[in-house]
1. Only residues in the range 270-283 that are of a type in the set (D, E, K, R) count as the first member; pair them with residues that are crowded, with 19+ Cβ neighbours inside 10 Å, Cβ under 8 angstrom, at least 6 apart or cross-chain, and list the lot.
2. With (1) within 16 Å of the ligand (Cβ to nearest atom); (2) among the basic types (Lys, Arg); (3) over 26 Å from ALA273 (Cβ atoms) as the list, and LYS413 as the residue in question, which single condition is left unmet?
3. With the range 186-291 as the region, which strands (runs of 3 or more DSSP E) entirely inside it contain at least 3 residues that are within 16 Å of the ligand (Cβ to nearest atom) and closer than 20 Å to VAL70 by Cβ?
4. Quick test of your reading of the structure: ASP469 fulfils all but one of (1) surrounded by 15 or more Cβ atoms within 10 Å (Cβ to Cβ); (2) in contact (Cβ under 8 Å) with a residue 12 or more places away in the chain; (3) of a type outside the set (S, T, N, Q). Name the failing condition by number.
5. With respect to ASP298, determine if the residue is surrounded by 14 or more Cβ atoms within 10 Å (Cβ to Cβ), within 14 Å of the ligand (Cβ to nearest atom) and modelled with pLDDT of 95 or more.
6. Could you grab me the full set of residues in the range 337-369 that are among the aromatic types (Phe, Trp, Tyr), buried (at least 22 other Cβ atoms within 10 Å of the Cβ) and more than 16 Å from the ligand (Cβ to nearest atom)?
7. Test GLU372 against the stated conditions and say whether it is surrounded by fewer than 20 Cβ atoms within 10 Å (Cβ to Cβ), among the charged types (D, E, K, R) and more than 30 Å from PHE217 (Cβ to Cβ).
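The values are calculated or read from the model by the stated rules, or taken from the named source; none is laboratory data. Just so it is clear, the model here is predicted, and its values are computed rather than measured. Cβ coordinates were reconstructed from backbone atoms using ideal geometry, including for glycine residues, and neighbour counts include every protein chain displayed.
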Amino acid sequence: MAQKQNNQQENPLFQKVVAHAKEYGFVFQSSEVYDGLQAVYDYGQIGVQLKNNIKQLWWKAMTQVNENIVGIDAAIFMHPLVWKASGHVDNFSDPMIDNKDSKKRYRVDHLIEEKAEVLKSEGKIQDAENLLAQMDSLLAKEDFAGLYQLIIDQKIACNISNTINWTEVRQFNLMFSTQMGAVAGESDTIYLRPETAQGIFVNFLNVQKTGRMKIPFGIAQIGKAFRNEIVAKQFIFRMREFEQMEMQYFVRPGEEMQNYNHWKQKRMSFLHAIGLPAEKLRFHDHVKLAHYANAAVDIEYEFPFGFKELEGIHSRTDFDLTQHQALSKTKMIYFDEEIQEKEKQRYVPYVVETSIGADRLFLAILCNSYTETTGVDAKGEEKTRLYLKLHPAIAPVKVAVFPLVKKDGLPEKAREVFEELRYDFDTIYEEKGAIGKNYTRMDMIGTPFCVTIDHDTLNDEAVTVRFRDTTEQVRIAIKDLKALIAKEVSLKNIFDKLK
Ligand code: ATP
């Protein structure tokens, strides 16, 4: 029986969002003219603005709002021992299986989960749950023979060949490797970082000492990470090259749980504040903890294809610093002068981390903002209106300026207004096309304000401002425009909600 492999992509809303992302310059397939590179994407002229705004917002919410969090920007290449210490060389792998007929490779857990989805859609809820429970237990024991048998017993077939002619289950490391230096050899193998966190751990002492940081304190970083993900679908949800926004918070041993709970709530508030609704977000505790964690939770967002991980909050204990201490032979000790008892003053700090994918947050925001409304127009005809309801603070373009007609001195006046705004806000000037069409185009990229210059402007120094969400139009003096826009697009609107 054919599995429902691409159910995410069959989702009509998701299909629309993906098509919209391409049509309006948000996201393109990498190397599209060569038929693309799987699970690698490029951000277009509008997408890069939205992504930069998201990253800037996160960065400021970490480093500007919190006095005890600073940022760094570590290199992608790191000493090979870093990945030995972190456990990635030995543990960063997924159980995989190949279909011998189609030659297609699958993540075992995804294959079984999709079978469970099919069972659920057939009303066999209990069977689906039993299957998932069996899978979890086998994964926890790393019983690969058992996982293979489960796939065979359940007659789970490849969706391309439709056969159950499977190889055995094997571990597959997700790190990309390359060679550094002139002569290629075993010792020159280095990895493209699969997470940004290790760049923070190995710089812990540098930052603590040069920044005279006192525990508790955090180090934040935004940067590229690379994983050779096997399941290359779901658009920018799962990419092979992506960006992470991570913050490691260094705390006293024994104080990690209170900090973990604090960051859980803080990160959830952040996602609410940027406009993701509470009913589309939920916590999902990890049952099987990673080798480094003593508590872990995902914040899941309800994408059009279901609730999926958006952000992870992990209590990583002193695992990473202790490992780096052992392999680098450099002491990762903090001297805590606020502690009275002498024997407790020196310790390896514990770490609580928050880790969110910039691309995944971009996708969540894009899906959430995609708004279709149906109403009746002046002629009594039913019309569907589409716009992106982005928070003004992260909208790629804040304001568009149009002259009503391309004559009578209106373009000149409109240019004056444009010049007045463009150094403070991302502003577009457009003199071609009908005003209505221009409004629609701005709706598609989520521009919160459109400003139209008409004949009256030349006399009264006022313009018509059209608001994206309500389509309401109001007359406003040019001298008041900046203040109106600044008030709405200010990041402070979001930061105030985080207090
Ligand atoms: P998943 O279970 O979805 O593979 P993960 O648990 O491996 O994710 P983490 O290692 O905790 O993810 O990474 C932290 C965050 O980085 C994730 O919550 C996600 O937002 C982002 N992320 C991880 N892998 C990818 C990827 N392949 N593409 C895009 N974003 C990713």
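1. Cβ pairs passing all conditions: LYS280/TYR301; LYS280/ASN368; ARG282/ILE299.
2. Failed condition: (1).
3. Working: elements: 189-191, 217-226, 241-251, 281-285.
Hits in the range 186-291: 217-226, 241-251.
4. (1)
5. On the way: surrounded by 14 or more Cβ atoms within 10 Å (Cβ to Cβ): yes; within 14 Å of the ligand (Cβ to nearest atom): yes; modelled with pLDDT of 95 or more: yes.
For ASP298, the condition - surrounded by 14 or more Cβ atoms within 10 Å (Cβ to Cβ), within 14 Å of the ligand (Cβ to nearest atom) and modelled with pLDDT of 95 or more - is met.
6. Applying the first criterion (among the aromatic types (Phe, Trp, Tyr)) to the range 337-369 yields 347, 350, 362.
Narrowing the set further to residues that are buried (at least 22 other Cβ atoms within 10 Å of the Cβ) leaves 350, 362.
Passing the criteria: only TYR350.
7. Values: surrounded by fewer than 20 Cβ atoms within 10 Å (Cβ to Cβ): yes; among the charged types (D, E, K, R): yes; more than 30 Å from PHE217 (Cβ to Cβ): yes.
Criteria met by GLU372.
One line per residue, one yes/no per condition, for (1) surrounded by fewer than 16 Cβ atoms within 10 Å (Cβ to Cβ); (2) without any contact (Cβ under 8 Å) to a residue 12 or more places away in the chain; (3) under 32 Å from the mean Cα position of the chain (by Cα):
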site: ARG107; (1), (2), (3): no, no, yes
site: GLU113; (1), (2), (3): yes, no, yes
site: GLU122; (1), (2), (3): yes, yes, no
site: MET135; (1), (2), (3): no, no, yes
